[in-house]
Amino acid sequence: MAASGSCVLWSYCGHGWSRVMWCCRLPGFRSSWPGGPLGARHLSEEKRATETHFGFETVSEEEKGGKVYQVFESVAKKYDVMNDMMSLGIHRVWKDLLLGKMHPFPGTQLLDVAGGTGLAWVLGDAEELPFDDDKFDVYTIAFGIRNVTHIDRALQEAHRVLKPGGRFLCLEFSQVNNPLISRLYDLYSFQVIPVLGEVIAGDWKSYQYLVESIRQFPSQEEFKEMIEDAGFQKVTYESLTSGIVAIHSGFKL
Ligand SMILES: C[S@@+](CC[C@H](N)C(=O)[O-])C[C@H]1O[C@@H](n2cnc3c(N)ncnc32)[C@H](O)[C@@H]1O
């Protein structure tokens with residue numbers, strides 16, 4: 001993983017997925033690269049200089065993208081090993097479940113936004129995807145959308161780039177539904193994860209942000225409503241591991 005803001009394009013060939021392209025966003029992307037490297041459409045609406053959260057900190061909306069970028073730059077080299085350590089490998093099971101919902105067919109065009117570790121990549125932003133309308137069969141985003149400054153804009157972009165009939169699938173941390181597990185999870189998140197981050201990746205602050213950002217993300221029901229507000233239909237979700245994560249699904253009809 002190399003930078004804040006990333007997408008991977010995959011094509012299904014019948015035996016497996018082949019990676020077509022991976023793209024990422026760098027801070028200053030909008031101002032230094034008008035139009036974007038792939039002719040990105042820029043939203044006409046100016047960003048409002050209002051405040052938002054960055055973990056438990058309050059920051060201006062302008063600042064947030066750069067701060068998120070720093071987090072993922074900082075953790076990139078140890079990102080995969082940290083995921084295995086923090087989740088005891090369970091993140092791989094969650095991701096397999098996400099893929100299992102996809103039922104790809106030969107030729108399926110998948111856009112995996114916030115793709116993480118990757119090889120060949122170009123610049124992009126979940127809020128302003130550099131792709132034409134009605135282009136993909138499936139849009140996935142795993143542990144990415146909570147980092148986006150304007151989740152509603154990212155959802156609208158997902159809706160725009162999907163073909164009619166296309167499917168939106170999101171794997172994200174969510175709200176734990178069992179009080180005892182919730183208490184243990186909080187203890188683990190706030191007392192253990194930043195320590196692991198410091199020991200393994202030499203980066204307490206980024207992992208502090210990670211656990212704080214999870215607490216800022218909407219509940220399963222609230223996120224479902226946001227997906228519906230973006231125009232998706234037949235929106236459903238499945239909570240996994242007592243709601244530590246959830247998979248949301250919706251269709252562009
Ligand atoms: C926690 S990682 C998730 C990586 C991978 N999907 C996974 O499940 O392991 C979050 C990713 O979101 C990307 N990201 C953050 N803000 C973004 C934005 N505005 N647009 C696109 N990607 C973004 C980061 O660069 C990082 O690669």
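Since every read-out is calculated from the coordinates, none of them should be taken as a lab result. Owing to the predicted nature of the structure, the values given are computational and were not obtained by experimental measurement. Backbone-built Cβ (ideal geometry, glycine too); neighbour counts: all protein chains shown.
Gain on full extension, evaluated as 0.36 nm per residue between Arg215 and Asp132 minus their Cα-Cα distance, stands at 26.5 nm. The simple spin-label model puts a point 7 Å past each Cα toward its Cβ; for Leu88 and Asp229 those points are separated by 3.7 nm.
From the P(r) of segment 102-175, can you give the percent of Cα pairs sitting at distances over 17 Å? Don't skip to the end; give the middle numbers.
Working: 1161 of 2701 pairs.
More than 17 Å apart: 43 percent of the Cα pairs in segment 102-175.
Per-residue extension of 0.36 nm, minus the Cα-Cα distance of Trp204 and Glu63, leaves a gain of 48.7 nm for this segment. Net length available on complete extension from Asn177 to Phe251 is 24.0 nm, with 0.36 nm assigned per residue and the Cα-Cα distance removed. Over segment 51-252, all Cα pairs binned in 5 Å intervals from 0 give whole-percent P(r) values of 1, 7, 15, 20, 21, 18, 12, 5, 2, 0, listed from short to long. Give, as ranges by residue number, the residues of segment 152-191 whose backbone N falls under 16 Å from the point 7 Å along Cα→Cβ of Glu222. Once the point is set 7 Å along Cα→Cβ of Glu222, 152-153, 172-177 turn out to lie under 16 Å by backbone N, inside segment 152-191.
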